[in-house]
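The values are calculated or read from the model by the stated rules, or taken from the named source; none is laboratory data. Keep in mind that what you see is a predicted model, and the values were worked out from it rather than measured. No Cβ is skipped: glycine too gets one built from the backbone with ideal geometry, and neighbour counts run over all protein chains shown. What goes into the accessible areas is simple: the full protein's heavy atoms, side chains included, and nothing from ligands, DNA or RNA. Shrake-Rupley method; radii C 1.70, N 1.55, O 1.52, S 1.80 Å.
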Amino acid sequence: MPNGLRIILLLTPGLGLVMTLMIWVLYRAFAQSFGLYNFNGDDLLTLSHWQGMFQNRRYWNALEWSGYIAVVSATLAVAVAYPLVIWLRRPFKGSFLLSALIKAPYFVPGLVAAFLLINVISYHGFVNEFLIWIGVWDQPVRMQNDKNGYAIIGLQVWKQLPLAFLLLSGAVAAIPDNVLHAAQDLGAGTWDRFRKVVLPMTVTAMQASLILIFIGAAGDFTFQAVAGPTRENSLATLMVTYQGASYSDWNGAAVIGVTLMVLSLLGSIVFAALVQIVAKLMERV
Amino acid sequence: MLRKLIMSTALLGLTSSAVLADDVLLSMSWEDIVAQAKEEGSVTWYQWYFEPEFRVVVEAFEAEYGIEVSIPDVSSVDDAINKMMAEQDLETGDIDLMSFNGSSGLRLTPSDLLTGPIQPILPEGESLETFVEGADWEEYAVQFWGNQTCLAYDPDRLSADDLPDTFVEFEAWIAENPGQLGFNFENGGSGPSLIHNIARGILGVAQADTLAETPDLQPVYDWFIENEDNYILTASNADSLSRFNSGEFIMIATWEDFIAGNINRGEVSDRFECYVPEFGLNGGGNVVGVAKNAANPAAALVLASWLTSAETQTMFNTDFGTSTANGQADSSAALVPDEDRANKTVWGDPLPDTDVVPAVIENVFQR
Amino acid sequence: MMSLPRLNTILATCLITTLVLWIVIPFAMALMWSMVDPGTSWSYPDILPPALSFERWRIMWETSSLKTAMFNSYSLAPVAGMIAIILGAPTAYAFGRLTFPGKGIAQILMLTPIVLPGFVTAVFFASILVSLGFHSRYFAILLGHVVLFMPYAVRILSVSFSQVNNEVVNAARDLGASPFGVFRAAYWPAIKPGLFAAYLIVFILSIEEFALAFVIGSPTFTTVPTILYSYLGYDFIRPNAAVVAIVLVVPNVLLLIVLERLMQSANPANVSGKG
């Protein structure tokens, strides 16, 4: 059997199936956003669904909100993960347990995490009662559904930190010891070693972490629905609202879905570029 | 949600093929209907709230008739209606008996979806209501659930004598007690009822008035913006109640049956009380009807009859705190005092809630 | 000045304590909420529930659709895991053992389901299903889970395949082993831990998956996450949500401990014998 054919046959049930469905889904989203597959009327290639959304305040609010949550969450998660990774590079007593604990949240389902959090931060929940008890606060503070979305950002960071941690520790572990030693022998301090050796060699992992977390946080539904401010929508919750029973506007939902994908793509490009630039600048300084 | 799509596609160009079996059923005597129901042996009831409780409630029906009732968990009434519409062209659908919120009748044609008219053949049909929340169900569906939105308060922290009754008193109360009133604007109608009636209060619209057109809502937006620190928006009916129970609020907008049911099940404290202020809160009800393509139409009809019987309605009043839907039932056990019933307002006219609530959400809450 | 290891230990102890509290307190509260005795409400100003019992667990089991949801979840997950492995293994083999032009791109494309926002996939997959007139919730969600989680299976399996020792393969061939014999002698020992790990990861992810199950399953096909969501949203009942949250999370934590062990034994050093 010719090698090419053999490879195609091997890839068909796996990659082939995945790509077929994913391309189909993507095409459907784009097509519906431009008026095709209109379940409420005639299929008509049109920009009207986009124009309608562009005039809708909730659409822009949701876009802004999702962008804000995603940028802050991705940046924070990576900023917290970096020092941890470098610290835990060399095993010491307790470091194994520590990294296991850091990784644990990745496997707590998001819904459960959100539920646990709103329990703890509720008006007469543990945190409030505890802080009143030790005298930090005189009376409970409303933290549930806070309007700056701190709860969602906290949940995102908590949930996504393991991803950044895993990717970055893989990259840091791959830096050969002798390279670090060589830098040390040449008299480089901790900061110099970080920006001249560690940073350049972990740029890819950092880009990957930022991008994956950005995409995950931008597309968030559960945290927003359970712990987010009631006055805001994320793109995903707005999309589901539009597609759901009370609106049944699939084409509008498609516009929001495509927007979410564009946001994910743009965010990825911007983050990747920024990391690249910052790494270059740091090396020169 | 998927059902919605199926429905939409099914609706395109398709007309429902009327199932003639209806007519046979409707011409039978009640005894024959009961006999056929027992033969059918089972019935599926789509009911979108209190499913676990209703599974217990219908055990009495199952024991009486030997008909097994299955109540699937339904995500929302709209989803259930969509499923029903999607299936209306099938020979037999999954749904036998279907619950609707009263006002959904405004956008549905009962005779397209339901077997009927059933009110005339129900043994207690004369004591039942088919005109609910401004919608005429044309005797194809009858009310089985009466509900009233109300303000619930914690008597430990607010005495019954100090309850704000008029709109002016209400305004003053929230200004004196900032952050102590909670209500939702989506996921349940209790908050929307309050929003709706606040708007009526601000614009001076009484229940008896008729309006030629919806007036300018700017004063309403201004009021909600000015008072933004005085009230707290919650995520749902249930969120309001749960936070009220944990002491975050002194007063919330809620449903009488919802809070009563939760009190009876021990989910929330039994000290809580409800009232309907003089400036009004909306009341309404839910109806049941038999699906046109029900697999077990007779059993569905018998279940509908049982649910709406005076006996069952009295039990609902005691156990769930509903306002009764059968004129012969005893309604003395309710949470809302009888004298407050006069303050009941309705969804829709004057100043339709569908004009007010979405506009307030867009221009105030999610501006 | 304090020595570095000592500082490390102190810092680590503090952080470990915080993280443990961070995990223990919320779960303890959830457990407590799940045991609030129905009939004796836990309301302000009580700091602790006035009465605890397992009554709520019994009620949830007997009257809610938790049983059905668990049946659905636990009948989807094992099948999804199996199919994802069967369909993904050839791709993993190609990624792990063969070189071909475009392999890098193919490997990146394989990640598409992970990168696309889950709700976008769910909503427009639903849209396709409707156009096809495909009504079976179970099979629709099953297909969705297979496709969504196959990338994880392929990733783990391709590492396993790449660790199959060529010398063993050749030796087996030279000794005249049948293809099955070669597979058993050379491939099976190397890929076995990876297979189990891949199966488990798809299993766990399928149990937890919410977007597809929520969008496609409504109104009546419930899985454990969708039932939890209903108790967190429209029908917010904290004690019931606590029961479902525990039902969702505990089996998965146990499975994860198994998975962690498998992943360790799937370590190249142990499998290839190269040290």
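Quick notes on this one:
- Some residue of region A:60-70 being within 8 Å of another protein chain (Cβ to nearest Cβ), surrounded by fewer than 20 Cβ atoms within 10 Å (Cβ to Cβ) and of a type outside the set (Lys, Arg): yes
- Hits in region C:92-113 - residues which are under 21 Å from the mean Cα position of the chain (by Cα) and facing chain A (nearest Cβ under 8 Å): C:92, C:110, C:112, C:113
- Residue ranges of helices (runs of 4 or more DSSP H) in region B:129-241 with at least 3 members within 28 Å of residue B:322 (Cα to Cα): B:167-176, B:190-203
- Among the residues here, residue A:58 does not qualify as at pLDDT below 90 and farther than 25 Å from residue A:254 by Cα.
- When region A:12-27 is filtered for residues that are open to solvent by 10 Å² or more (accessible area, probe 1.4 Å), within 7 Å of chain C (Cβ to nearest Cβ) and not hydrophobic (A, V, I, L, M, F, W, C), only A:13 remains.
- Residue satisfying condition, being polar (S, T, N, Q) and more than 14 Å from every other protein chain (Cβ to nearest Cβ), within set A:224, A:184, A:207: A:184
- Selection status of residue C:146, surrounded by 19 or more Cβ atoms within 10 Å (Cβ to Cβ), of a type in the set (A, V, I, L, M) and under 18 Å from the mean Cα position of the chain (by Cα): yes
- Put simply, of B:287, B:364 the only residue that is part of a strand (DSSP E or B), touching a residue at least 24 places away in the same chain (Cβ under 8 Å), open to solvent by less than 40 Å² (accessible area, probe 1.4 Å) and farther than 20 Å from residue B:30 by Cα is B:287.
- Count of region B:171-188 residues which are modelled with pLDDT under 95, in contact with a helix residue (DSSP H, G or I) (Cβ under 9 Å, 6 or more places away or on another chain) and open to solvent by less than 20 Å² (accessible area, probe 1.4 Å): 3
- Applying the criterion of being surrounded by 16 or more Cβ atoms within 10 Å (Cβ to Cβ) and outside any helix (DSSP H, G or I) to the residues of region A:28-45, the residue that is nearest to the chain's Cα centre (by Cα) is A:34.
- Counting the residues of region B:88-107 that are assigned to a loop (DSSP other than H, G, I, E, B) and under 19 Å from residue B:349 (Cβ atoms) gives 1.
- Residue B:253 modelled with pLDDT of 95 or more, within 26 Å of residue B:101 (Cα to Cα) and either of a type outside the set (Asp, Glu) or surrounded by 16 or more Cβ atoms within 10 Å (Cβ to Cβ) (or both): yes
- Among the numbered conditions (1) in contact (Cβ under 8 Å) with a residue 40 or more places away in the chain; (2) outside any helix (DSSP H, G or I); (3) farther than 29 Å from residue B:361 by Cα, the only one that residue B:282 does not meet is (3).
- Restricting attention to region C:114-139 and to residues that are more than 8 Å from every other protein chain (Cβ to nearest Cβ) and part of a loop (DSSP other than H, G, I, E, B), the residue that is least open to solvent (accessible area, probe 1.4 Å) turns out to be C:136.
- For the condition more than 14 Å from chain B (Cβ to nearest Cβ), assigned to a helix (DSSP H, G or I) and under 26 Å from residue C:231 (Cα atoms), residue C:7 does not qualify.
- Hey, residue C:169 assigned to a helix (DSSP H, G or I), at pLDDT below 90 and either touching a Lys or Arg at 6+ places or on another chain (Cβ under 8 Å) or over 30 Å from residue A:249 (Cβ atoms) (or both) or not: yes
- Matching option when the condition is assigned to a helix (DSSP H, G or I) and open to solvent by 20 Å² or more (accessible area, probe 1.4 Å), among C:244, C:258: C:258
- With respect to the conditions (1) over 32 Å from the mean Cα position of the chain (by Cα); (2) crowded, with 18+ Cβ neighbours inside 10 Å, residue C:33 falls short on a single one, namely (1).
- Some residue of region A:102-112 being of a type in the set (Ser, Thr, Tyr) and either more than 20 Å from residue A:238 (Cβ to Cβ) or modelled with pLDDT under 85 (or both): yes
- Check on residue A:155, assigned to a helix (DSSP H, G or I), touching a helix residue (DSSP H, G or I) at 6+ places or on another chain (Cβ under 6 Å) and open to solvent by 50 Å² or more (accessible area, probe 1.4 Å): no
- Scanning region C:191-216 for residues being surrounded by fewer than 23 Cβ atoms within 10 Å (Cβ to Cβ) and more than 25 Å from residue C:227 (Cα to Cα) gives a total of 4.
- Residue pairs meeting the criteria (Cβ under 8 Å; at least 6 apart or on separate chains; first among the aliphatic types (A, V, I, L, M), in region A:44-56; second in a helix (DSSP H, G or I) and surrounded by 14 or more Cβ atoms within 10 Å (Cβ to Cβ)): A:53/A:59; A:53/A:252; A:53/A:255; A:53/A:256; A:53/A:259
- Scanning region B:264-277 for residues that are more than 8 Å from chain C (Cβ to nearest Cβ) and surrounded by fewer than 23 Cβ atoms within 10 Å (Cβ to Cβ), we see that the one that is nearest to residue B:319 (Cα to Cα) is B:264.
- Residue match in region B:227-239 (condition: within 14 Å of chain C (Cβ to nearest Cβ), surrounded by fewer than 24 Cβ atoms within 10 Å (Cβ to Cβ) and among the aliphatic types (A, V, I, L, M)): no
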